[in-house]
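The structure appears below as structure tokens.
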Amino acid sequence: MTDHWKGWLRQIREERPLKNTYAETMNALSGLDRLAVWITEHVGTMGFFIVVFVWTICWLSWNFLAPARLQFDPPTAFVFWLFISNMIQLFLMPLIMVGQNVQGKHAEARAEHDLDVNVKAEQEIEVILNHLERQNDLLIAMLEKQGIKIEEALQLAEQRRQLAAASAVKPR
């Protein structure tokens, strides 16, 4: 490849360098945003569900099956359990929403970066296609200078391709 084509590719790569959008997004987050993302990532897991489920079963079982003097939440209403459950929901709901907003910003940054990569790839492909067209023109000029017709060269190339394909597929 000539320096001309290499220069174009180098320029394309310099104008649109690849980057790690996850690292950039995470480095730009405040401490509270990082906490919200951490909570969002951990609350939405089966492990968290199992912890809450086991806690609920233990709480309700203890206050329903234990002797009356050991029960700390009346089994008819479970007021304290409902209060704690509602507080957990009230605290987690806005934190999860904040975490999802931060994750959405990261998804947008990643999509924008993907677009940049696609544009860069399209530009590089265009440079390569132009280079191949130039090589094709040079080969045709060389054939014409030697007095060989293009159709003859194509037929010869096709015969060689068929021979190569036939020799590659050997019957057993």
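Observations
Per-residue answers, yes or no, for (1) farther than 30 Å from Val119 by Cβ; (2) in contact with a helix residue (DSSP H, G or I) (Cβ under 9 Å, 6 or more places away or on another chain); (3) surrounded by fewer than 13 Cβ atoms within 10 Å (Cβ to Cβ):
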{"residue": "Ser30", "(1), (2), (3)": "yes, no, yes"}
{"residue": "Arg34", "(1), (2), (3)": "yes, yes, no"}
{"residue": "Phe48", "(1), (2), (3)": "yes, yes, no"}
{"residue": "Cys58", "(1), (2), (3)": "yes, no, yes"}
{"residue": "Asn63", "(1), (2), (3)": "yes, yes, no"}
{"residue": "Leu70", "(1), (2), (3)": "yes, yes, yes"}
{"residue": "Val79", "(1), (2), (3)": "yes, no, yes"}
{"residue": "Ile84", "(1), (2), (3)": "yes, yes, no"}
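- Pairs where the first residue, in segment 132-158, is within 24 Å of Lys6 (Cα to Cα) and assigned to a helix (DSSP H, G or I) and the second is modelled with pLDDT under 90 and of a type in the set (Phe, Trp, Tyr), C-beta under 9 Å, 6+ apart: Arg134/Trp5
- Among (1) touching an Asp or Glu at 6+ places or on another chain (Cβ under 9 Å); (2) at positive phi; (3) not β-branched (Val, Ile, Thr) - the single one Phe78 does not satisfy: (1)
The values are calculated or read from the model by the stated rules, or taken from the named source; none is laboratory data. Everything quoted here is computed from the prediction, not taken from an experiment. Glycine also receives a Cβ, built like all others from the backbone with ideal geometry; neighbour counts cover every protein chain displayed.
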